[in-house]
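See structure below.
The values are calculated or read from the model by the stated rules, or taken from the named source; none is laboratory data. Please read all numbers here as calculations on a predicted model, not as lab measurements. Neighbour counts are summed over all protein chains in view; Cβ atoms, including those assigned to glycine, are modelled from backbone coordinates with ideal geometry.
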């Protein structure tokens, strides 16, 4: 009988992974918000880059670029001043200070997969940039055995070898060029290169972005900022979703550790609405606190979820407000 099968590390791990996989694929509010944030970013990325390209071409007209390329072909390196770039330093002068003096507003905007999210040129290799890339290609990374959720899972913890190992694995799989001060487009491969490919425009100059500020209007500048906010929102929604899964998984792990028999783990899965074949688990291979009774633990974990319902948007908003007023 299954009640006589004692729980061991192998069974605990199999049950944990099986149940956690269900948590990750449930249609919860947090998951749907994350998926929507990626869709919103894709829309913003396309439209905002088109605007950026128009602004760049005002400062570097196509005919000038073509002429300089002719000169380069004729005279060689001395005329090698045209290049394609995906990051731009935009600035406008439509604001004034308290003395009614003109003030320049400027920032760095990088349309690359690992582009910064704070407008600081040369800031590459930060957690938020890595997390955006991992979240954007989450499914592809999971399919390759990587952990694209490692950064939010390690939120609040000091840097450690475990985190570094998984971050590096994700970045290597995506084809990141490295953590140098400036992004090295020539060395990018795979998904990183594919992502970046459509987002280049011709610029004139031999220096990095900061020394070639490109003039734009205040309205255009605000559109660039909104695009960057859409990119940051992917990171935020990914963090919120992963946090909700992590909280459930932590309780699951504690409960499974307290169980003495495999049947208790099977009962927990059943209470959570997850079908686990005990025979398949077995073949492929002191009593816990009251709170970790399978029924109680299942109810606790289910209470952590914000299940996506078929209700109207208005009903969802009302339900959320009622929930927040109680809590």
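Assorted remarks:
- Selection status of residue 92, farther than 24 Å from residue 37 by Cβ, in the same structural domain as residue 224 (by TED's automatic domain parsing) and buried (at least 16 other Cβ atoms within 10 Å of the Cβ): yes
- Residue 322 meets the stated requirement of being in a helix (DSSP H, G or I), within 31 Å of the chain's Cα centre (by Cα) and modelled with pLDDT under 70.
- Some residue of region 42-63 being out of contact with any strand residue (DSSP E or B) (no Cβ under 8 Å at 6 or more places or on another chain), within 30 Å of residue 304 (Cβ to Cβ) and not assigned by TED's automatic domain parsing to the domain that holds residue 246: yes
- Any hit, region 127-140, residues being at pLDDT below 95, farther than 20 Å from residue 229 by Cβ and surrounded by fewer than 22 Cβ atoms within 10 Å (Cβ to Cβ): no
- The criterion of being surrounded by fewer than 17 Cβ atoms within 10 Å (Cβ to Cβ) and outside any helix (DSSP H, G or I) holds for residue 274.
- Checking the stated criteria, residue 78 turns out to be at pLDDT below 90 and outside the structural domain of residue 226 (by TED's automatic domain parsing).
One line per residue, one yes/no per condition, for (1) modelled with pLDDT of 95 or more; (2) buried (at least 18 other Cβ atoms within 10 Å of the Cβ); (3) within 19 Å of residue 236 (Cβ to Cβ); (4) touching a helix residue (DSSP H, G or I) at 6+ places or on another chain (Cβ under 6 Å):
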residue	(1), (2), (3), (4)
152	yes, yes, yes, yes
155	no, no, yes, no
162	yes, no, no, no
174	yes, yes, no, yes
